[in-house]
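S.K.: The following block contains the structure, expressed as structure tokens.
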Amino acid sequence: MTSKGALREPPHARLIYLAGTVLAEAALLRITDNSVFTVSMDFERAGTLRHDIDLTERVDAFAARFGRLQDAVGDTLLPLMLAWLSEPVGPAINNLARAERLGWIHSAADWIECRQLRILMIHDYVRDMAVLAATLTRGHLVVPLFETSAQRLAGQVFAAPGSAGSADVA
């Protein structure tokens, strides 16, 4: 509730905030991605994770940021944007398909594949170093898709009337 004379937030103030957060998350994922993948992640390098604490922490940060950006975009920002535009909001797969048709994401199928990667990286302890290396490498390869989607979605929000085109997260 606002009192008389108080400034009212624009109708999409939460979207502006979330779009800024998504851009910040994408930037952090890129930084972590660059620190983990200075060299390729192969079977041998994945095998060092049990002993290389620095690499282990960077891989953990990569997996966490990968999942957090996917959640922020797919589970939070996307449904709010669809509702804001009076588009139907439904199960995640339907929302992703709609986002693909609107040109906000490259491919709903890629997002579903990334969900499986996320599950492997975050929830399943991978004992096979070849599988772990392949999972992390595939995650690394889709980071640009996440960045592009984050930028497209945020661009839609910031281009809306009343948003002042600001990406400030503060």
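The values are calculated or read from the model by the stated rules, or taken from the named source; none is laboratory data. The structure displayed is predicted, hence computed values, not measured ones. Cβ atoms come from the backbone with ideal geometry, glycine included; neighbour counts cover every protein chain shown. Remember, those area values only see protein heavy atoms, side chains included, never the ligands or the DNA or RNA. Shrake-Rupley method; radii C 1.70, N 1.55, O 1.52, S 1.80 Å.
S.K.: Tell me the label-point distance for the pair residue 13, residue 145, using the 7 Å Cα-to-Cβ offset, in nm and rounded to one decimal.
M.R.: In this crude label model, residue 13 to residue 145 measures out at 3.6 nm.
S.K.: Whole-Hz ³J(HN,Hα) for each residue in the range 140-155, computed from phi via Karplus 6.51 cos²θ - 1.76 cosθ + 1.60 with θ = phi - 60°, x for glycine and proline: what do you get?
M.R.: 4, 5, 9, 3, x, 5, 5, 4, 4, 5, 4, 5, 5, 5, 4, x
S.K.: Next up: Return the FRET efficiency for the residue pair residue 137, residue 27: r is the Cβ-Cβ distance, R0 is 22 Å, and the value is rounded to the nearest 0.05.
M.R.: On the way: r = 21 Å, r/R0 = 0.97.
That pair, residue 137 with residue 27, gives E of 0.55.
S.K.: Within the chain, what whole-number % of the accessible surface is contributed by carbon and sulfur, with the 1.4 Å probe and all protein chains included in the calculation? Walk me through the numbers before you get to the answer.
M.R.: Numbers: 5320 of 9280 Å².
In the chain, the share of accessible area belonging to carbon and sulfur is 57 percent.
S.K.: In whole percent, what relative contact order does the chain give with Cα contacts below 8 Å and a gap of six or more residues?
M.R.: It rounds to 38 percent for the chain.
S.K.: Mean shadow of the range 23-113, computed from the convex hull of its alpha carbons, in nm²?
M.R.: Spelled out: convex hull of the Cα atoms, projected over all directions, averaged, 6.8 nm².
S.K.: Let me ask something else about it. Per residue, how big is the convex hull of the chain when only Cα atoms are used? Give it in Å³.
M.R.: Roughly 133 Å³ of hull volume per residue.
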